[in-house]
Each structure stands twice: as structure tokens, then as C-alpha cells.
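Below you'll find the structure, written out as C-alpha cells, and then a few comments.
Just so it is clear, none of the values below were taken in a lab; they were calculated from the coordinates. Everything numeric here is computed off the predicted structure, so don't read it as measured data. Every residue, glycine among them, receives a Cβ derived from its backbone with ideal geometry; neighbour counts consider all protein chains shown.
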Amino acid sequence: MKVLHIDSSINGQQSVSRQLSAAIVRRLREANTGASVAYRDVVADPVPQSSGMAGSSPLLDEFLAADVVVIGAPMYNFGVPSQLKAWLDTLAVAGVTFSYGASGPQGLCGGKRIIVASSRGGIYSAPSPAAGMDHQESYLSSFFGFLGAQIEFIRAEGVGMGDEQRQRAMDSAFAAAGALQAA
Ligand SMILES: Cc1cc2nc3c(=O)[nH]c(=O)nc-3n(C[C@H](O)[C@H](O)[C@H](O)COP(=O)(O)O)c2cc1C
């Protein structure tokens, strides 16, 4: 099994999503002893902003080669970090990851499993009244759904709402990471 591990937090070692994505990858390695892991930090090693139609690239090849993609994705200003957006912009390539035909769009990434380590200062999960302001998880769901991939979220939310809520959120997210099943 090939794992691609992406991190996009600007918060270095303190980052919740980095700690969580690392725990997810650790668990996947435990469950699949033969797994190989490629790592990409889109903050330390920024992806250039797209300046035209996305096409074939080493980043796309790396994504296509992965069976499982683990993405550390914090919520910044209700969306994903711009560094992560720049990486995503390299992946939507007509004829490679999706196609348009007579019956509309078709995702071509059917076999791929995406696991998102999501972190956010507030609470957006339904029935939160702020659910409509979540353009982070909803965007990632739409994006990878469009490509036909399976996406799941392991979430630490409300981490900015005091020590108690932060601890609860972290405990529950790390427990979910530890309970992940192999592909
Ligand atoms: C630049 C920036 C923007 C943020 N915007 C939001 C936001 O819109 N909504 C929210 O709930 N939290 C927001 N936060 C809080 C982060 O989502 C929270 O601290 C989360 O843990 C960040 O993940 P990280 O620790 O992996 O960087 C923001 C934090 C930063 C640094």
C-alpha cells in the first residue's frame, strides 16, 4: 500500500493537524506493515500558484501513485490554507483525474482513499449554527468527490474554545485515528 502524507499548517510543531496527520499515518503503518509513505510539506516546500491549465506534473504523479492520501488540513479563514489550495490545483486535470462526457462529469480516482486530519478553532459540525461557514471540509468533500475518490474526516474542532474543549477534541480525534482500519 502506498501512502501519500501531506501537511499544510503554518504552525510548525504546535500544529494540531500535523500531529493528527502523523498519528493517522502511524496507525496506517501499524495496520499495513508493508506500507510505503511519501511525505510532502506544502508550507516548507510551497507549490507554485497555478498560472494556467493544470497538466502532468511530478505532484500529480505522486498523487496518482498513492492508494491512500492523508492530508493535514487546518481551517484558515473558513477555508483551507492557500498552500494546500495550490497543491489541490495541480490535481484536477481533465482526462487524468476526471472527465466530462455526455452524462456530465466523471471522477477517475475511484480506487483512492483520502483521510483528512481536520482542525479548527470553532465548531462547525451539524447541528452547529456555523455549519454553513465551513468551506474547509465541505470544499475538500466536493473536490475529492468530483475526482471520484472516497473521503473521510478525522476532526479536532473547537480547539480555540478553551483548554477543556481543546483536550476533548484532541482526545476524540486521536482515538479515531487509533481506531482506523487498514484499507
Ligand atoms: C491564519 C489562521 C486563520 C484561522 N481561521 C479560522 C477560522 O476561520 N475558523 C476557525 O474556527 N478557526 C480558525 N483558525 C484557528 C485554527 O483553525 C486552529 O488553530 C487549528 O488548530 C489550526 O490547525 P493547525 O494547528 O494544524 O494549524 C485560524 C487560525 C489561523 C492561524
query = When a footprinting reagent is the concern and you count Cβ atoms within 10 Å, what order do Ser128, Ser119 take, fewest first?
reply = Ser128, Ser119
In nm, spacing of pseudo-spin labels at Ser82 and Asn11 (7 Å Cα→C-beta vector) = 2.0
request  = State to the nearest 20 debye the size of the charge dipole of the chain about its Cα centre, where the only charges are +1 on K and R beta carbons and -1 on D and E beta carbons.
outcome  = 200
ask   = How much FRET efficiency would the formula 1/(1 + (r/R0)^6) give for Met133 and Asn32, where r is the Cβ-Cβ distance and R0 is 45 Å, rounded to 0.05?
value = 0.80
note = Summing -39500 (n - 2.57) over every DSSP H run of at least 4 in the chain, dividing by its residue total and rounding to the nearest 500, the 222 nm mean residue ellipticity is -9500 deg cm²/dmol
key: C-alpha long axis of helix 163-178 to longest principal axis of the chain, angle in °   = 50
query = Taking the chain as a Gaussian network, Cα atoms linked when under 10 Å apart, which of Gly162, Gly148, Gly121 shows the biggest mean-square fluctuation?
reply = Gly162
ask   = Out of Arg155, Arg166, Arg120, any idea which swings most in a Gaussian network model of the chain, alpha carbons joined below 10 Å?
value = Arg166
ask   = Summing +1 for each Lys or Arg and -1 for each Asp or Glu, what net charge is found among the other residues whose Cβ lies under 9 Å from the Cβ of Arg113?
value = -1
message = How many angstrom lie between the Cα centre of segment 150-183 and the Cα centre of segment 65-90?
response = 18
task = Kindly write out, for segment 19-28 in residue order, the coupling ³J(HN,Hα) from the Karplus curve 6.51 cos²θ - 1.76 cosθ + 1.60 (θ = phi - 60°), rounded to whole Hz, with x marking Gly and Pro.
result = 5, 6, 5, 5, 5, 5, 5, 4, 5, 5
